[in-house]
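What follows is a short report on a single structure.
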Amino acid sequence: MALALEAARLAQTSKVAAALNRLRSPHPVTHFEIGSAPVRALGFGGEGRFLIGGDTSGRVRVWDTYTGRTRLSAQVQGAVTEAVVNYGADLAAARGARGGVRVWDLSTGRLVRTFASAPGRAAGLTFVPKEKGRLAFGGRGGTVEVWDTETWSRTTTLHPVGGSVALTWFPDGDVFPVLASLSPHGSVDAWDLDNGRRLGTVRIPVTGKDPATVDYVLDAHGDDQAVVSDGMTTWVVWLKKLIINDWPTPDFRPLGRTVALPSAMGSNRLVAADSKHSRVMVWGIDPVYPPELPEVHYLFSRSIVTHGSKMTALVARRQSTGDFGPDAPPERLSAAVALADGSVTLWDLAEGAQLTVSKQAIQDELFQLCSGTPLILTPQEWKKLIPELPYAPACVEVMKQREGGHD
């Protein structure tokens, strides 16, 4: 990223193009403050700006991906199994293996709520951005509890057949988010959060193993397209099919190979680790919006593991809006990766052809880069990395020129 910031202050030269070209292939963007325990829970929140991680010692951290600084450091009972930040980036929640869900105020770091009704063997944890925020989590007896995050009153209790092993949400096409749950038997259900009514269901042919031994995944990032995994097989599911019963679309598309820790990037990318947890693999999903059955195209893979370590967690960030089209710069594909040594790194998984040396091409490249992975250096960091140039937070300036910006 420092190369891109440097390029923002240099003239149109082959040196600038060469610097930006190095950022057109997968590369690490930010290394976060870490401990020695492996991180096994990762999640993006606050429109993708904040990253939350939880490790096997029970430590929970929230990082600001623009600055790399730690926003919250907290603790749960037992290893962290799930961790989330809400859309407004004012609340963080995590579940511990010994039971209980804890919620913190990100502005103060204060613990605001503890739910003892969330047993350690239950699973599923997500914030849903309704007019009044909602927190949903797997509770006792296979239920899913839904709570209002303003009044901290329970709004409804859901009863998925077989219980819940993962939760996510998706838009219904208007402004109303819909909660989706995955059961260990492979049922993906859509739920009305106001009255607890089941809106639709689809059955995925999962292996049916003991939920305690399987890393189930249901990941939509607030989009129609979701990735579902039972730890062995991965499917792409169009969630809106669950609430539009007359839509002539098959229910799901199997990926066709064994992957680990899969996550969806917006609605047209899928990122996962290989079966050995040593390489990141990226797929494209086409078309983005059915009715046709989505095709999943393998794009590329890259090794990002060093010294024989393995990936322990992986999450993709929803894609940012940039300049698109046949001649546009590559989309910035941000993903956070945790390794067994306890490290957590934000990667840009973009893959693009060589950049041409022109003023317009360089300007477009900077905008796409800044809109996708907007790291903002402090004056002290700038002086250390780029001492020969006067301080200027380039991504802020670039986004201002495009009538955008970051708070």
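Some observations on this one:
- Selection status of Val146, part of a strand (DSSP E or B) and in contact with a Phe, Trp or Tyr (Cβ under 6 Å, 6 or more places away or on another chain): no
- Some residue of the range 105-124 being modelled with pLDDT of 95 or more, of a type outside the set (Ser, Thr, Tyr) and under 22 Å from Val188 (Cβ atoms): no
- For Phe127, the conditions (1) under 25 Å from the mean Cα position of the chain (by Cα); (2) assigned to a loop (DSSP other than H, G, I, E, B) all hold with the exception of (2).
- Only one entry of Leu158, Leu106 meets the criterion of being under 24 Å from Asp215 (Cα atoms), touching a strand residue (DSSP E or B) at 6+ places or on another chain (Cβ under 6 Å) and of a type outside the set (S, T, N, Q), and that entry is Leu158.
- Of the residues making up the range 51-64, those that are touching a residue at least 24 places away in the same chain (Cβ under 8 Å) and touching a Phe, Trp or Tyr at 6+ places or on another chain (Cβ under 7 Å) number 3.
- Of all residues in the range 237-265 being modelled with pLDDT under 90 and assigned to a strand (DSSP E or B), the one that is farthest from Gly186 (Cα to Cα): Met265
- Hits in the range 40-69 (condition: open to solvent by less than 10 Å² (accessible area, probe 1.4 Å) and closer than 18 Å to Ile304 by Cβ): Leu51, Gly53, Thr65
- Residue in the range 154-166 that is more than 20 Å from Val237 (Cα to Cα), among the polar types (S, T, N, Q), part of a loop (DSSP other than H, G, I, E, B) and open to solvent by 20 Å² or more (accessible area, probe 1.4 Å) present: no
- Ala18 satisfies every condition listed in (1) in a helix (DSSP H, G or I); (2) open to solvent by 20 Å² or more (accessible area, probe 1.4 Å); (3) in contact (Cβ under 8 Å) with a residue 40 or more places away in the chain except (3).
- Among the residues of the range 147-173, those that are within 14 Å of Gly196 (Cα to Cα) and of a type in the set (S, T, N, Q) comprise Thr155, Thr156, Thr157.
- Lone qualifier among Ala136, Ala212, Ala180 - being aliphatic (A, V, I, L, M), modelled with pLDDT under 90 and outside any loop (DSSP other than H, G, I, E, B): Ala212
- Exactly one residue among Leu111, Leu91 is among the aliphatic types (A, V, I, L, M), in contact with an Asp or Glu (Cβ under 7 Å, 6 or more places away or on another chain) and open to solvent by 10 Å² or more (accessible area, probe 1.4 Å), and that residue is Leu91.
The values are calculated or read from the model by the stated rules, or taken from the named source; none is laboratory data. Owing to the predicted nature of the structure, the values given are computational and were not obtained by experimental measurement. Quick reminder, even Gly has a Cβ in these numbers, built from the backbone with ideal geometry, and neighbours come from all protein chains shown. Heavy atoms of the whole protein, side chains included, go into the accessibility calculation; ligands, DNA and RNA do not. Shrake-Rupley method; radii C 1.70, N 1.55, O 1.52, S 1.80 Å.
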